[in-house]
1. Any idea which residue in region B:76-113 is farthest from B:Val62 (Cα to Cα), counting only those that are assigned to a loop (DSSP other than H, G, I, E, B) and modelled with pLDDT of 85 or more?
2. Can you name the number of the only condition in (1) without any contact (Cβ under 8 Å) to a residue 24 or more places away in the chain; (2) under 14 Å from the mean Cα position of the chain (by Cα) that B:Pro163 fails?
3. So which residues in region B:19-73 are within 8 Å of chain A (Cβ to nearest Cβ) and charged (D, E, K, R), if there are any at all?
4. Consider only pairs whose beta carbons are under 9 Å apart and that are at least six residues apart or on different chains; among these, list those whose first residue lies in region A:50-69 and is within 7 Å of another protein chain (Cβ to nearest Cβ) and whose second residue is hydrophobic (A, V, I, L, M, F, W, C) and surrounded by fewer than 19 Cβ atoms within 10 Å (Cβ to Cβ).
5. Filter region B:158-191 down to the residues that are away from chain A (no Cβ under 14 Å) and in a loop (DSSP other than H, G, I, E, B), then identify the one that is surrounded by the most Cβ atoms within 10 Å (Cβ to Cβ).
6. Go through (1) farther than 30 Å from B:Arg82 by Cα; (2) acidic (Asp, Glu); (3) modelled with pLDDT of 90 or more one by one and return the number of the condition A:Glu4 breaks.
7. Given the criteria at pLDDT below 90, facing another protein chain (nearest Cβ under 10 Å) and assigned to a loop (DSSP other than H, G, I, E, B), does A:Glu75 qualify?
Amino acid sequence: MTGEELERLKRRFGADISAWPAPYRQEAQIFLGEPDETSGLGEDVRLDRLVFEAALMETDEPTLTRQILVQIDRERRSYFGFFPMMWSLRLPAAVASFGAVFIAAGLAGYFVAGPGYGRMDDALLAIATGDPIASGIDTGLPSAAEETFLEEGFL
Amino acid sequence: MSGEGDTDDDAQRAIGEDENVLVRIASGEQAALARLIDRHGHGLRVFAARYLGSAADAEDVVQDVFVSVWKHAARFDPVKGRASTWLYRITANRCIDARRRRSLRAFIGLDDVHDILADEDPRADARVGARQELAIVRDGLARLPERQRMALLLRAVAGLDVPAIAEVMGASAGSVEQLLVRGRRSLRGHLTTVQHTNEGHEGTSR
């Protein structure tokens, strides 16, 4: 910091340096050689000041302000900006939409797969009982009817 | 005694100005938002840039913070803490989100991990580079664990005291003190190691 910068900051934030926002306050205190009353004493203060000085970088507040105001203006012009009530309804609307999609998917699934339930049940039962005719799966073993014929000597 | 009283009054005045500005922002006054950016934009941006290690990410975060303040200024409760503490809390949360997003993008291969201020103003680098000790501190700061780095930056850059840092980080005062102690110890260790190494190099080059 230079004396000129200090004067500029005084015009910007007032003559009272302790009322300045951080990090301008610390910068001015370092420039003027004032102690930082909020911190302890000794090595920690020295290290904190090193961290502070190492962290400093150039920033451009007028450009930042302009960019933020443009962004706010853009958001205001957006759809929800025209309907402020819609903003508060966003979450309920999202939940309701999700629920509707979920129910629609369930109904669609039922109508698509529903008519096949009887056949599916039969197939599952046949698999469970090991009936290759009903299940359509050839296990290579004789069926229950064939076993009866074998036992009675017809085959 | 009177000096201390004056300092307290001055501090109260500063706190009062920020609160007053937030009330005006809540009523939709854009000039008040510009004033808040003028007062705190620099500090928030420096804090975010050093925490994230990227000036571009910090710019996005700070823009997002002020847009959020514009929308939700009425939510600020002066009973719960200072306006500056509230602003740094929002920024800290946004920084954590940004870091998580970046980690995720790096994990799925959308982003290269570059944790340096590559896109920073080169004049700043040159200025800091002129003082080797500051360059080493910056390097050490970037190597610290995230929470230690955040605590140290909130202390050094934002000028917050331990209770305010605890409020920003959502931690207890005790754990913030621990973070500060560990962070400072690591930084001192880094400074000592690098300086010894540099001295060794200089000794051998002679």
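The values are calculated or read from the model by the stated rules, or taken from the named source; none is laboratory data. Predicted model only: the values in this text are computed from it and were never measured. So basically every Cβ, Gly included, is an ideal-geometry build from the backbone, and we count neighbours across all protein chains shown.
1. Looking at residues that are assigned to a loop (DSSP other than H, G, I, E, B) and modelled with pLDDT of 85 or more, I get B:Val79.
2. If we test B:Pro163 against (1) without any contact (Cβ under 8 Å) to a residue 24 or more places away in the chain; (2) under 14 Å from the mean Cα position of the chain (by Cα), just (2) comes out false.
3. B:Asp38, B:Arg39, B:Arg45, B:Arg50, B:Glu59
4. As it stands, the answer is A:Leu50/B:Leu191; A:Phe52/A:Ile30; A:Glu53/A:Ile30; A:Ala54/B:Ala135; A:Leu56/B:Ala124; A:Met57/B:Ala124; A:Glu58/B:Ala124; A:Ile68/B:Val67, since those pairs meet every condition given.
5. Among those that are away from chain A (no Cβ under 14 Å) and in a loop (DSSP other than H, G, I, E, B), it is B:Ala171.
6. Failed condition: (3).
7. It is false that A:Glu75 is at pLDDT below 90, facing another protein chain (nearest Cβ under 10 Å) and assigned to a loop (DSSP other than H, G, I, E, B).
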